[in-house]
Amino acid sequence: MEKTIELYGEIGGQRVDLITLKNSKGMQVSLTNYGCIVTSIVVPDRDGKAEDVVLGYESLEKYLAGHPFFGAIAGRFANRIQDGRFKIDANVYQLETNEPPTVQHLHGGSKGFDKYVWAYDLEETDEEILVHLHRISVDGESGYPGTLDVTHTIGLDEKNQLHYNFRAHTDKPTVINLVNHSYYNLAGHDSGSVADHELKLFADFYTPVAENMIPTGEILSVAGSGMDFRNSTRIGTNMDKVEGAAFDFNYILNGQEQEGDYKLAADLYDPTSGRFMTVLTTQPAIQFYNAFKLSNKTWIGRNGCKYEAFGGLCLETQGYPDSPNKAHFPSARLNPGDVYEHKTIHRFGTR
């Protein structure tokens with residue numbers, strides 16, 4: 001295992017680093033302590049040719065100019081909360097409604113966890129390098145209650161596994177849902193549509209949404225619909241079966257196949273390159289987003305590549321969207337004395 005750390009820039013007198021981790025199998029991951037952004041994941045294909053398989057930028061300045069959460073952490077509450085409002089005991093909290101099309105609260109607000117410089121330290125062995133990023137989110141930040149002590153660990157090991165771990169505790173009851181928001185294209189970040197990727201989701205049910213993208217509260221079977229990825233399916237085939245070819249849905253993991261503490265969540269495969277990515281997690285659900293909204297703005301990514309609709313996809317392991325307002329969804333509440341802890345692995349290889 002190798003690492004390099006270089007100056008990436010500065011924000012308000014705070015140093016921002018670019019940390020690159022590399023294993024002996026030809027895989028490397030770059031991340032920055034601004035927003036815990038994973039800027040690059042380089043993986044060999046079946047012929048040994050290495051390509052970057054996530055959408056992103058080459059400079060801090062581009063990230064600061066705005067982006068659709070390329071590779072960043074989303075929080076304090078990832079995904080959406082209806083009308084930005086939730087109740088804990090007798091207290092009602094009003095958050096920003098920062099998603100213009102839906103007028104809902106999204107990914108922690110306009111200054112969520114992705115807009116801060118995080119402190120970090122490293123843990124190194126012969127088999128893995130872990131970057132422990134940490135910060136204190138003060139009581140009232142972005143409208144959320146409780147001072148939250150958060151650690152987000154991003155690591156690479158010799159098994160071509162990328163680790164996303166989260167741990168937090170609070171001094172006051174609050175809600176929390178943390179994810180990594182990388183956009184993957186296993187053919188290469190500049191390879192166009194992911195419609196020919198094949199996807200399997202280990203989920204029998206999903207939570208449908210209303211026009212404002214808030215879950216209706218129903219839990220529906222995927223059977224007999226374009227939502228069904230229980231068997232590995234060409235994504236474009238199911239895109240033809242849903243309105244606008246648009247996927248941005250929360251799938252409930254069935255937990256029937258496990259490896260230790262982890263449930264199998266997803267398997268993504270690109271037949272052209274032979275690359276696959278298997279996702280394992282301790283979370284109850286996974287959001288599949290096929291980036292149908294990328295063409296709403298112009299995004300010029302790494303090496304001048306224009307990222308357009310369906311140019312990548314997100315597989316975000318998570319708690320259910322709007323769970324603070326849905327009593328029958330798994331609780332997102334974190335109480336003092338309890339620990340929020342979840343782990344996800346993205347395992348890369350070829351076949």
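The values are calculated or read from the model by the stated rules, or taken from the named source; none is laboratory data. This is a predicted model, so every value here is computed, not measured. All Cβ positions, glycine included, derive from the backbone under ideal geometry; neighbour counts span all protein chains shown.
Couple of notes before you dig in:
- Qualifying residues in the stretch 297-351 (those that are assigned to a loop (DSSP other than H, G, I, E, B) and hydroxyl-bearing (Ser, Thr, Tyr)) - the one surrounded by the fewest Cβ atoms within 10 Å (Cβ to Cβ): THR298
- The set of residues in the stretch 1-14 being touching a residue at least 12 places away in the same chain (Cβ under 8 Å) and part of a strand (DSSP E or B) consists of GLU2, LYS3, THR4, ILE5, GLU6, TYR8, GLY9, ILE11, GLN14.
- Residues of the stretch 223-268 that turn out to be in a loop (DSSP other than H, G, I, E, B), farther than 18 Å from GLN161 by Cα and of a type outside the set (Asp, Glu), as a count: 16
- If you go through the stretch 248-270 and keep only what is farther than 20 Å from PHE329 by Cβ and either in contact with an Asp or Glu (Cβ under 7 Å, 6 or more places away or on another chain) or among the aromatic types (Phe, Trp, Tyr) (or both), you end up with TYR262, LEU264, TYR269.
- So TYR164, is it crowded, with 23+ Cβ neighbours inside 10 Å and either not hydrophobic (A, V, I, L, M, F, W, C) or not in a loop (DSSP other than H, G, I, E, B) (or both): yes
- Look at (1) under 30 Å from SER142 (Cα atoms); (2) surrounded by fewer than 17 Cβ atoms within 10 Å (Cβ to Cβ); (3) of a type outside the set (Lys, Arg); (4) within 21 Å of the chain's Cα centre (by Cα) and you find that TYR183 fails only one, number (2).
- Exactly one residue out of VAL150, VAL194 is assigned to a loop (DSSP other than H, G, I, E, B) and either touching a strand residue (DSSP E or B) at 6+ places or on another chain (Cβ under 6 Å) or buried (at least 20 other Cβ atoms within 10 Å of the Cβ) (or both), and it is VAL194.
- Residue selected from the stretch 125-146 under the condition assigned to a strand (DSSP E or B) and in contact (Cβ under 8 Å) with a residue 40 or more places away in the chain, by the criterion surrounded by the most Cβ atoms within 10 Å (Cβ to Cβ): VAL131
- Among the residues of the stretch 269-296, the ones that are in a strand (DSSP E or B) and over 15 Å from the mean Cα position of the chain (by Cα) come to 3 in all.
- Meets criteria (buried (at least 16 other Cβ atoms within 10 Å of the Cβ) and within 21 Å of the chain's Cα centre (by Cα)) for GLY188: yes
- Test: ALA245 is surrounded by fewer than 21 Cβ atoms within 10 Å (Cβ to Cβ), within 25 Å of MET213 (Cβ to Cβ) and among the small types (Gly, Ala, Ser): yes
- Answer from PRO215, PRO208 - the residue that is touching a residue at least 60 places away in the same chain (Cβ under 8 Å) and touching an Asp or Glu at 6+ places or on another chain (Cβ under 6 Å): PRO215
- Of all residues making up the stretch 301-343, the number that are at positive phi, modelled with pLDDT of 95 or more and more than 17 Å from the chain's Cα centre (by Cα): 2
- The combined condition, being of a type in the set (Gly, Ala, Ser) and farther than 19 Å from TYR184 by Cα, is fulfilled by ALA65.
- Restricting attention to the stretch 22-47, the residues being over 19 Å from the mean Cα position of the chain (by Cα) and either crowded, with 19+ Cβ neighbours inside 10 Å or of a type outside the set (D, E, K, R) (or both) number 5.
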